[in-house]
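Worksheet: one structure, shown below.
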Amino acid sequence: MEVIVKVKKIGGSVGVILPKRLIEKEHIMAEDEIELKIKRMDNFDSLWGIIKDVKIPTQKIMDIIDEGEDFD
């Protein structure tokens, strides 16, 4: 099962909270050792609203980003 979680500051460290559905599905218990695959997600939230008069639907922009195409 793949989930996306946010990293939270915990004291001088950071950690993640695993969703209950994942814990139940995978039968994860406290002190269990688990393997995590780390992939940093790009955060485009700060860009929304900055570019004015764009006439391309958001989904098309996301598709272009995913494909690595130019906006020509």
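We did not get these values from a lab; they are worked out from the coordinates using the rules stated. Keep in mind that what you see is a predicted model, and the values were worked out from it rather than measured. Note that each Cβ is placed from the backbone with ideal geometry, even for glycine, and that neighbours are counted across all protein chains shown.
A simple spin-label model places pseudo-atoms 7 Å from Cα toward Cβ; at Lys8 and Lys55 they are separated by 4.6 nm. For the stretch 20-36, putting each phi into the Karplus relation 6.51 cos²θ - 1.76 cosθ + 1.60 with θ = phi - 60° gives couplings of 4, 4, 6, 4, 5, 5, 8, 6, 7, 10, 4, 6, 5, 9, 10, 9, 10 Hz, in residue order, rounded to whole numbers and with x for Gly and Pro. Cross-link partners for Lys8 among the lysines, with Cα-Cα distance under 21 Å and sequence neighbours closer than 8 places in the same chain left out: Lys20, Lys37, Lys39.
Extension gain for Met1-Glu26 works out to 8.2 nm (0.36 nm per residue, less the C-alpha to C-alpha distance).
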